[in-house]
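First the structure, in the form of structure tokens, and then the observations on it.
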Amino acid sequence: MLARSAVRALAAPSSRLFSSSAARNTKVAVLGAGGGIGQPLSLLLKSDPLVTSLSLYDIRGAPGVAADVSHVDTGSEVTGYAADQLDQALEGVKVVVIPAGVPRKPGMTRDDLFNTNASIVRDLATAVARVAPEAHILVISNPVNSTVPIVAATLEKAGVFNPARLFGITTLDVVRATRFLAGVVGAQPADTPVTVIGGHSGPTIVPLLSQSSHGKGVTGEAYEKIVHRIQFGGDEVVKAKDGAGSATLSMAYAGAKFTNSLLRGLNGEKGVVTPTFVKSPLFADQGIDFFATNVELGVNGVEKIHPIGALSAEEQKLLDACLPELKKNIAKGKDFAA
Ligand code: NAD
Ligand code: LMR
């Protein structure tokens with residue numbers, strides 16, 4: 001069972017997006033910086049005091065985004081790179097955030113994005129392996145359950161894979177669960193952190209409300225409703241945007257939040273714990289070697305993978321539904337990369 005302090009720390013919503021500790025020299029690249037997520041994410045990273053240099057790359061539009069964002073009066077330097085400047089964009093970077101790729105339209109699943117996004121992510125990972133093999137890679141591009149294994153296999157082929165430095169970003173599920181629970185119980189999100197485990201698509205998203213002091217009181221129809229909303233929150237946004245894409249602003253917030261957590265860990269702050277989709281031993285004996293759980297972030301990236309802790313009977317059912325789907329998604333990514 002997770003220690004209560006770990007559960008509370010996992011997503012610790014705060015009144016400020018960023019916490020800062022000692023400032024270090026930290027260059028962060030955004031690949032896909034011209035897009036719906038990339039633009040606000042670049043702005044939020046420009047506001048993060050732990051980012052000292054920001055490298056913005058896209059096949060279109062990144063120099064313009066960089067020129068715009070660079071006028072914000074924070075300390076970091078910002079440089080934009082055009083389509084043929086990927087290698088320059090990656091020089092000396094410590095953290096690479098990847099929101100490059102196509103988003104869903106109504107009626108599509110995340111898996112429907114695979115054919116387009118798999119090769120985009122593979123090609124970007126190949127460049128990271130060549131130019132910045134020690135960089136920490138944060139994958140936002142969907143389907144995350146498959147794109148993360150693609151990045152791992154690509155780095156492995158290049159002989160530079162370090163599982164402590166690869167993260168699938170599931171923070172939006174945590175942010176949603178926290179916000180939705182706050183609404184249901186009439187509390188502030190700062191008091192309703194929720195651990196979300198598994199993967200990042202429909203039934204692979206498993207919120208552990210029983211491990212939350214507010215969440216364990218939500219039962220019956222209210223429980224069914226909130227679980228469905230957490231698992232399908234992405235569809236809610238896709239539907240409301242009506243063909244114009246998927247979540248961008250909340251994702252930029254979540255991506256910046258996770259990046260700040262990682263930078264704090266890399267800078268030596270202790271006790272930074274948040275869910276993320278990483279290479280994990282927890283279900284590896286069932287052929288599922290990537291899984292999101294609470295992870296402690298430290299100077300090397302992944303410091304400690306927490307166990308899932310005690311589950312309610314409902315959560316065990318959710319986990320049982322998650323595992324076979326996740327296994328398929330991971331295998332699809334691996335097959336592609338092979
Ligand atoms: P978007 O179309 O607005 O932006 C994508 C950007 O990627 C574009 O600017 C495009 O030019 C760029 N791009 C395409 N190929 C590229 C390449 N080879 N190199 C560099 N840049 C490239 O899409 P968006 O709304 O920003 O979404 C991006 C991705 O993030 C989608 O796959 C979406 O499903 C995913 N997403 C994930 C989460 C999550 O929780 N992990 C949440 C929201 C969206
Ligand atoms: C989300 O959860 O909002 C993203 O994965 C985008 C999507 O396609 O739903």
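Stretch Ala284-Gln316 to full length: gain in nm at 0.36 nm per residue minus the Cα-Cα span?
Working: separation 32, 0.36 × 32 = 11.52 nm, distance 1.76 nm.
Extra length available between Ala284 and Gln316 comes to 9.8 nm.
Going by neighbour counts of Cβ atoms within 10 Å, the residues Ile288, Ile140 line up, fewest first, as Ile288, Ile140.
Sequence neighbours fewer than 8 away in the same chain don't count; with that in mind, list the lysines whose C-alpha is under 19 Å from Lys46. Hits, sequence-local ones excluded: Lys27, Lys94, Lys257. How would you classify region 128-245 from its alpha-carbon gyration tensor, with a ≥ b ≥ c the square roots of the eigenvalues: rounded for a/c under 1.5, else prolate if a/b is greater than b/c, otherwise oblate? Prolate, since a/c reaches 1.5 and a/b exceeds b/c.
If contacts are Cα pairs under 8 angstrom and at least 6 residues apart, what is the relative contact order of the chain in percent?
Working: 724 pairs, mean separation 68.7, N = 338.
With pairs under 8 Å counted, the relative contact order is 20 percent.
A simple count of charges around His136, restricted to other residues whose Cβ falls under 12 Å of its Cβ and scoring Lys, Arg +1 and Asp, Glu -1, yields +2.
Please label the shape of region 171-337 as rounded, prolate or oblate, based on the square roots a ≥ b ≥ c of the eigenvalues of the alpha-carbon gyration tensor (a/c under 1.5 means rounded; beyond that, a/b larger than b/c means prolate, else oblate). Could the numbers behind the result be given before it?
On the way: a/c = 1.23, a/b = 1.13, b/c = 1.08.
Rounded shape, in that the Cα axes give a/c under 1.5.
Here Asp111, Asp285, Asp191 are placed in order of increasing Cβ neighbour count within 10 Å, fewest first, which gives Asp285, Asp191, Asp111. What shape does region 2-168 take by its C-alpha gyration tensor, where a ≥ b ≥ c are the square roots of the eigenvalues and a/c under 1.5 counts as rounded, a/b above b/c as prolate, and the rest as oblate? Note, shape of region 2-168 comes out rounded.
The amide H of Gly80, built 1.01 Å from its N in the peptide plane, has Leu56 as neighbours under 5 Å, considering only residues 5 or more places off or on other chains.
Per-residue ellipticity at 222 nm from helix content only, as computed over the chain with -39500 (n - 2.57) for each DSSP H run of at least four residues, stands at -13000 deg cm²/dmol.
With Cα atoms as the point set, the radius of gyration and Dmax of the chain evaluate to 18.5, 55 Å. From the alpha carbon centroid of region 42-99 to that of region 203-275 is 26 Å.
We did not get these values from a lab; they are worked out from the coordinates using the rules stated. Nothing here was measured: the structure is a model prediction, and the numbers come from that model. Cβ sites come from the backbone with ideal geometry, for glycine too, and all protein chains shown count toward neighbours.
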